[in-house]
1. Residues with amide H under 5 Å of residue 71's amide H, sequence separation 5 or more or different chain, H placed in the peptide plane at 1.01 Å from N; which?
2. Using amide H atoms built in the peptide plane, which far-off residues or other-chain residues are under 5 Å from residue 304 H to H?
3. Could you work out how far apart the two model spin labels at residue 122 and residue 36 are, taking each label as a point 7 Å from the Cα in the direction of the beta carbon, and quote it in nm?
4. Over the chain, average the accessible area per residue using a 1.4 Å probe and give it in Å², no decimals.
5. Take segment 73-216, drop everything but the C-alpha atoms, weight them equally and run the Debye formula without solvent; then report log10 I(q)/I(0) at 0.11, 0.18 Å⁻¹ to two decimals.
6. Using a 1.4 Å probe over the heavy atoms of the protein chains, calculate the carbon and sulfur portion of the accessible area of segment 203-305 as a whole percent.
7. Grab the chain and count how many Lys pairs have their alpha-carbon atoms under 30 Å apart, sequence gap of 8 or more, or different chains.
8. Quick check: residue separation of residue 18 and residue 352 times 0.36 nm, minus the Cα distance between them. What number comes out in nm?
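The values are calculated or read from the model by the stated rules, or taken from the named source; none is laboratory data. Predicted model only: the values in this text are computed from it and were never measured. Here Cβ is always computed from backbone atoms with ideal geometry, including for glycine, and neighbour counts include all displayed protein chains. Ligands, DNA and RNA are stripped out before the accessible areas are found, and what is left, the full protein with its side chains, is counted by its heavy atoms. Shrake-Rupley method; radii C 1.70, N 1.55, O 1.52, S 1.80 Å.
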Amino acid sequence: MTDEPAEEGIAENAHGLHDASWDEARWREMAENLVDDGVVTWREITTTVLGELNPPQVGTQIASSSATLYGFKDNHATLNTGQSFWSHVRTWLYSMTGRCVDCGTRLDLQADHIEGRETYPDPRDADYLSNMTLRCRRHNVAKRKSHVARAGRTLLPAQQALMWILLEVRPVSLQDLARLCRLYGMTMSDIRFQEAWAMAIWLKREGHYTIAHETEAYDLLVWGDGAITRRFSSDETIPAGATLHAANVPGDAIHCFLAKVPQEDVIRYFEHPVGAIPFVYPLGDRPTTDIAIWPVANGWINFAPRGHDMLAWTLRSQRQSVVALFDDVEFGTMPTAGIKGKLVRRIPTRGAARLRAIPDGP
């Protein structure tokens, strides 16, 4: 991955999703599906692989490197006075195995330092052919200081992983694509997810992709750990481990609830637009509801009510407010909250809590 991390924390168990367990037959099946769906042709697949097999342009990368920034030419002149630098570069290239020294791939190889330039008092002292090897782009980047702590956390490089998630897992919203990418272990800026989402939009126009929209209706499902997910309204059987929370909910509605927060002796009020509630996807060894987490600067938090004790809930429209009642005594109008929730009152609260949506204005 070439982007600087945008998040401080990533899931401790982040390492791909279920692609990590795929065998060659499953990858071949995906390629065949891409062709069958008209995403690419076999000609495009083959020509792309041929391009990636082309050996690295070390003549440009090393032999033509800036003498001001890199010491290759000066170091070569000191060791091999009067001899052609390119002929030595070519000899070095031919002596390589043609595979990444870390993973063995032949694709997208680059000339890379064995001992990094950052380990030398003068970085130019690292610039000798004897200190060079071939690495694929992914493992080259993984050695960077900004990435080394997260190296190996994903199975695929970001460019490929973005499309794998989009075309195999098939998230139906941009928010879900971003959540899946964070689960996968990606740390780049959200703008990369927004750019990748263009593929979903293009394919939808051709009838090859489904995107959720607020004009549609959804069923809300609640799971054993309290997580709420949605699906397109359906008469199909409820998935194992879930129960129907609300049926035929408008996509522009807002799900509101009171919950007891873990490790806090308080009740908090939350609001989640239905359009922000995640769907359910295959997550490999992860629990189905791991999609209901949210990345923040200092780590990960649950997308409530996952892990919360939900005491009362209701749905409101954009033109409604919500009031809380305890023992049928009105507590007050709830402010628009969000993921972390607004403090309502201290526990214990005697009697039943409920919420009621009321129209705004006169």
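1. It is 127, by chain and number.
2. For residue 304, whose amide H was placed from the backbone, there are no distant partners under 5 Å.
3. Placing both labels 7 Å along Cα→Cβ, they lie 6.2 nm apart.
4. Details: 19200 Å² over 362 residues.
On a per-residue basis, the chain sits at 53 Å².
5. Calculated log10 I(q)/I(0) at the listed q: -0.60, -1.04.
6. On the way: 2310 of 4600 Å².
For segment 203-305, the apolar C and S fraction of the accessible surface comes to 50 percent.
7. On the way: 73/143; 73/145; 260/340; 260/342.
Value for the chain: 4.
8. On the way: separation 334, 0.36 × 334 = 120.24 nm, distance 4.27 nm.
Between residue 18 and residue 352, full extension yields 116.0 nm more.
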